[in-house]
Amino acid sequence: MLRSIKKLLNDQGILIYNFQSHIDYSRIAEKCVQQCKKFLPTIPVMTVGQPIDGADAHHNIDLPATNKRVFGNQSKIWHNLARHMSYEITPWQRTIVIDSDYMVLSNQLEKLFASDQQILMHREWYDVANDTIHTIPVGKSDIDMLWATVLKFDKTSAVAEFFDLWQKVIANYGYYAKLFEFSSHVIRNDFAVSIALKQLMNHNSIDHCVIPWSICTTRDHVKVKNIDTNKIVLEDSKSSFTVNFDCHVLNKESLCDAIS
Amino acid sequence: MSQRRFAIKRDLNLLHQRCEAQMIMVYEGGMFRCDTHMVAYSLTIQSGDVILDVNHTPIKINDAQQFQQKVHQQHHMVMNEYAEEYKKIVE
C-alpha cells in the first residue's frame, strides 16, 4: 500500500550536480534546470552541490575529490567525482542523473522514466556537426564506453551493486587505466560506469542497458552562438546551424557565455 | 557545394536524427522503434503474444489492438513532423 502511494507522489526525478570551477557552472546548471522544467514539467528536479534557483529540492554535499581536465589547452580543476553517490542521494525510486551541460530541448527523457530497464545509458554518440555516429572503446579493451551524461536507474539491489562497483573502479582507477591502457590523468566517469556495468554483468552483454537512440553531442570546437528555450544555435568553421533536440554541449565556455 | 546546399543538407541530417530518436515508444515498460518494420509487424500480433523490445526484453502485449494503435500513432506523428520540418528546410 505504501509503495503505490509513493508512486502517486511522483516517485521519480532528475538529479543535477553543480560544483563551481573556473567556469560558472551554476549558470549552466540553472539553464539546465529551466529546460527540464519547460519540457518535463511534471518531473521534480533536485540539485546536488551548490543550490540552484528553480530546482524543487537540494542536497548539500561537500566538494568532491578534485580531478583535472583539459579545457581548451589548459588543465583545470574539475569536480566530477560525486555522481557515484547518486544512489544514496536520490530520494526517488526512479532517477535520471544528467550533466548540467546536457541541454534538454524535448520530452524524450520521459521515455526513460517509462522504461522498466533498471539501468540505461547512451553508448552511441551522434556528432551533431558531422552527421556521424560513433562508439568509443574503453582504452584498448573491447569494452564500449557508456556515457555517464544521462544515467537512468531504479533503486534495486542490482543497481546498488552497480554503484558500489562504480565507486570501487574510481578508487582503483590507476589499476584499470593500466589494465585497459587508458590515461589515468583524468578520471572519467564514462570509463568508470562502463567498467562497473561490465563487471555487474559478469562481462556479458550490456546491450539491454543501452538507450536506443544516440546522444547528440557537440565537439569542443563547436561553439554555442545562442541558446533559448527551444533551440541552440551552434557554429563551427563551416557554418552556423540550429539544434532543437536534447544536446550535450562539450564547449562549456561558449555555453556559459551564450546563457548570460 | 554551395553554402546554402551545405546548410540544407546539415539541417536535413539533424532532422533525420531527431526523428530517429522520436520513433521510440514505450509500452508496458518496453521500448519499441515505430519504424515501417514495426508498423507492419504490429499487424500480425495477437493479444497475449510476447514480443522483444529494442533491448531484447520480452514484453507481453495484453491488448494487441491498443498496441497497434500506439505504434501507428507514433509513426505517423513523427512522419508528419518530418514532412513539415522538411518543407521548412528546403523552401
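Brief remarks follow.
- Cβ neighbours within 10 Å from other chains - mean over A:235-245: 3
- Loop-resident trypsin sites (Lys or Arg not before Pro) (DSSP state other than H, G, I, E or B) in segment A:169-260 with no more than 15 further Cβ atoms inside 10 Å of their Cβ: A:219, A:231, A:238.
- If you wrap the tightest convex hull around every Cα atom of chain A and split its volume per residue, you get 126 Å³.
- Sparsely packed loop sites in segment A:152-245 (the GluC sites (Glu not before Pro) outside DSSP H, G, I, E and B with at most 16 other Cβ atoms within 10 Å) comprise A:181.
- For segment A:127-144, Karplus couplings with θ = phi - 60° (6.51, -1.76, 1.60), whole Hz, Gly/Pro x: 7, 4, 7, 10, 6, 10, 10, 10, 10, 10, x, 7, x, 9, 8, 9, 8, 7
- For chain B: relative contact order, % (alpha-carbon pairs under 8 angstrom, 6 or more apart): 31 percent
- Fewest-first ranking of B:6, A:182, A:191, using other Cβ atoms within 10 Å as the exposure measure: B:6, A:182, A:191
- Helical mean residue ellipticity (222 nm; -39500 (n - 2.57) per DSSP H run of 4+; nearest 500) of chain B: -20000 deg cm²/dmol
- Take each residue of peptide B:25-33, count the partner chain Cβ atoms within 10 Å of its Cβ, and average: the result is 4.
- Counting only residues at least eight positions apart within a chain, or on another chain, the lysines with an alpha carbon under 16 Å from that of residue A:152 are A:111.
- Ordering A:87, B:41 from the fewest to the most neighbouring beta carbons within 10 Å gives B:41, A:87.
- Spherically averaged projected area in nm², based on the convex hull that wraps the Cα atoms of segment B:3-90: 5.9 nm²
- Neighbour counting of Cβ atoms within 10 Å sorts the residues A:166, A:125, A:213, fewest neighbours leading, into A:125, A:213, A:166.
- DSSP beta bridge pairing in the protein assembly as shown, given as percent antiparallel to the nearest 5: 65 percent
- 222 nm mean residue ellipticity, helices alone, for chain A (DSSP H n ≥ 4; -39,500 (n - 2.57); rounded to 500): -8000 deg cm²/dmol
- Peptide A:128-137 has a mean of 2 when you count, residue by residue, the C-beta atoms of other protein chains within 10 Å of its C-beta.
No lab work stands behind these numbers, since they all come straight from the coordinates. Given the structure is predicted, the values throughout are model-derived calculations rather than measurements. Note that each Cβ is placed from the backbone with ideal geometry, even for glycine, and that neighbours are counted across all protein chains shown.
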